[in-house]
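We did not get these values from a lab; they are worked out from the coordinates using the rules stated. Just so you know, these numbers come straight off a predicted model, no measurement behind them. Cβ placement follows ideal geometry from the backbone for every residue including glycine, while neighbour counts extend to all protein chains displayed.
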Amino acid sequence: MELKNKKWSEAEFHKVREEVLNQWPTGSDVNLQEAVDYLKSIPEHKNFSAKLRRAKNEGVTLAQPRAGVALVDEHIKLLQYLQNEGGADLLPSTIDSYTRQNRYNECQVGIDESIKTKRSMLNGFPAVNHGVANCRRVLEAVDTPVQARHGTPDSRLLAEIIHAGGWTSNEGGGISYNIPYAKSVSVEKSILDWQYCDRLAGLYEEMGIEINREPFGPLTGTLVPPSMSNAVAIIEGLLAAEQGVKNLTLGYGQCGNLVQDVAAIRGLIELSEEYFRTYGYDVELTTVFHQWMGGFPADEAKAFGVISWGAATAALAGATKVIVKTPHEAVGIPTMEANAQGIKATKQTLNLLRGQRLQMSKELEWEIELIKAETKCILDKVLELGKGDLAVGTVRAFEAGVLDIPFAPSIYNAGKMLPARDNNGAIRYLEFGNVPMNKEIKDINKKLLEERAKFEGREVSFQMVIDDIYAVGKGTLVGRPEK
């Protein structure tokens, strides 16, 4: 198919669908009408969209962990523990790395080895291999909604199976689950493949089933300027809305400066709603705040400090949900006990801050306006490059370096833009590369970084970037030079 930002017809969708469902034997278990009938039988408290809507209306921030293991019974045991002991409001099924690369044969080897060794030999839940019936077993064993969280450039078969399995939310998008995750998948291909996932969600909506879609906000999770991540979130939101998605959760990864983080979430909401109105999309919008995605301290007590800091920021920003980290973040995949501890620490902070919001100040208002102005510069150029077509413009924007994600592995990413923190820890543009900003915005970023350099008694340089990447793991936000 030729890439364009236009809603797929049912004929176009079903032509591709036949090929998708034949990728692996479990695809033959998917029947759209039967899936709709099953989803209609699920109680409302297990529907992702409904639970997010209630939280938004009540001004509550929900807590959701990441978690997934290879075998169905063990995965159920893990999710039940996180629900009952951790108090998770929403449940994930983190998908394994082989599934993310559509390597289902190797998934099967991992499942077989896990059965033999009685321990998970995969770093997540292989939903495609387990199929619809087993995904339903997972949902029926818990009392909260389940979402697939993964990192898959081509999530088409996965989306078919999880939605037919009763999971009412799928995370990802054609940019956010490609550029930060894959080396050699073209932007054109991943946008087309995610248009399929969004059109599938749209079809369910047309048949009376609410499906939540959540682009992945943090991207690489390393010093991503808020305007770049917000631009990507809005693009993926608009692309999804065109395919019929009605319930969207747009996300953002914690950068560390409280005012900037709150400004980023509020600016994301304001600009998203503005763009949805402009293009005539009727979308129910919620937000997700990801706790710190960079390096963590190995010391568990210090890790809890980082977790609670992220929870507090999410609450003060008014995010609808927060993605929770664990005290084992620095050492690898957490135990279920450690995962539950991360949720409990988060929920304690959320409960203490319930109803509180960071009040508007001159600093917060200034930061919101700066982030929105920077984001608009990027989005305007993307639309210009596509001659009004957002999908085409996105491909051309990556080719031109207009969209540029720091430290991404993709060969389709320019990698010329460099971020660094200012003296207060807010993330600024050190090198713009080809990211389009006006002179006033460039001067603001330059001035703020020069203020830090003067304070530290050094030149503005790449060394700041390196120091900032390792700072939180060492116990600070700004990477100061060692004396």
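What to note about this one:
- Comparing Cα centroids, the stretch 214-238 and the stretch 291-319 end up 19 angstrom apart.
- Modelled label reach - Glu284, point 7 Å along Cα→Cβ, the stretch 38-72 residues with backbone N closer than 17 Å: 39-62
- Taking a straight line from the alpha carbon of Lys7, these lysines sit under 20 Å away, with near neighbours fewer than eight places off in the same chain left out: Lys15, Lys189, Lys246, Lys387.
- Antiparallel DSSP beta bridges within the chain, percent to nearest 5: 15
- Residues Arg266, Arg53 arranged by fewest to most Cβ contacts within 10 Å: Arg53, Arg266
- Straight-distance crosslink candidates among lysines, where the alpha carbon sits under 17 Å from Lys474 and sequence neighbours closer than 8 are dropped: Lys302, Lys483
- Ranked list, fewest to most other Cβ atoms within 10 Å of each Cβ, for Ile427, Ile441: Ile441, Ile427
- Against the rule of thumb 2.2 N^0.38 Å, how large the Cα Rg of the stretch 284-350 comes out: 1.07
- The chain: equivalent-ellipsoid semi-axes (sqrt of 5 x gyration tensor eigenvalues, Cα, Å): 34, 26, 21
- In range of the label at Arg119: residues from the stretch 322-359 whose backbone nitrogen is under 15 Å from the point 7 Å along Cα→Cβ: 332-336
- Put in order of Cβ neighbour count within 10 Å, fewest first, the listed residues Ile469, Ile235 become Ile469, Ile235.
- Contour excess over end-to-end distance, with Cα ends at Glu274 and Phe462 and 0.36 nm allotted per residue: 64.1 nm
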